[in-house]
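Here's the structure, in structure tokens; my notes come after.
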Amino acid sequence: VQLQASGGGLVQAGGSLRVSCAASGRTFSFYDMGWFRQAPGKERLFVAAISASGGSTYYADSVKGRFTISRDNAKNTMYLQMNSLKTEDTAVYSCAVRSIWANNWSSETSYDYWGQGTQVTVSS
């Protein structure tokens, strides 16, 4: 499966941005998906995840109430709507396909296909 994240950019603190992840190569609707982010010099961290049907969602505490993950299986696309952005949200945001063998949602090792990331920069 090929994943391509897009929609990143520069936004002021308090603003909003939506990033997208377009998938191809496999039946998108079969797979759980997730978003991770990596700030310069730091480890990659879990942001949010969504089940294959879209019926279940999971969030890191740091983004809960501000970010919303969603998907459109007809368009083979997943989204991350980011509101009330903070400077600490600055990072490269990457999307990933969760392994069918995974036993948790937030571990990086639970995901086995990754796309190129998109840079999100939040200025003060």
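The values are calculated or read from the model by the stated rules, or taken from the named source; none is laboratory data. Owing to the predicted nature of the structure, the values given are computational and were not obtained by experimental measurement. Don't worry about glycine lacking a Cβ; one is built from the backbone with ideal geometry, like all the others, and counts go over all protein chains shown. Surface accessibility is based on the protein's heavy atoms, side chains included, excluding ligands, DNA and RNA. Shrake-Rupley method; radii C 1.70, N 1.55, O 1.52, S 1.80 Å.
Annotations
- Taken about its Cα centre, the range 16-90 carries a charge dipole of roughly 120 debye when the Cβ of each Lys and Arg holds +1 and the Cβ of each Asp and Glu holds -1.
- For Asn76, the amide hydrogen comes within under 5 Å of no other amide hydrogen, counting only partners 5 or more places away or on other chains and with H modelled in the peptide plane.
- Within the accessible surface of the chain, defined with a 1.4 Å probe on protein heavy atoms only, the carbon and sulfur portion equals 46 percent.
- Derived scalar couplings ³J(HN,Hα) [the range 55-62; Karplus, 6.51 cos²θ - 1.76 cosθ + 1.60; whole Hz; x for Gly, Pro]: x, 10, 10, 9, 9, 5, 4, 5
- Additional length obtainable on full extension of the chain from Thr27 to Asn104, 0.36 nm per residue less Cα span: 25.6 nm
- Cα pair distances of the range 47-124 binned at 10 Å [whole percent]: 17, 51, 29, 3, 0
- Residues whose amide H lies under 5 Å from that of Arg71, counting only those 5 or more places away or on a different chain, are Tyr79; hydrogens are built 1.01 Å from N in the peptide plane.
- Candidates Gly41, Gly65, Gly25, ranked by Gaussian network fluctuation over the chain, Cα under 10 Å, top entry: Gly41
- FRET efficiency for Ala60 and Asp112, using Cβ-Cβ distance with R0 set to 22 Å, rounded to 0.05: 0.65
- Taking θ as phi - 60° and the Karplus parameters 6.51, -1.76 and 1.60, the scalar couplings of the range 83-100 work out to 10, 6, 5, 10, 4, 6, 7, 4, 4, 8, 9, 10, 9, 8, 9, 7, 5, 5 Hz in sequence order, x denoting glycine and proline.
- Calculated accessible area for the range 5-124 comes out at 51 Å² per residue, all protein chains present (probe 1.4 Å; ligands, DNA, RNA ignored).
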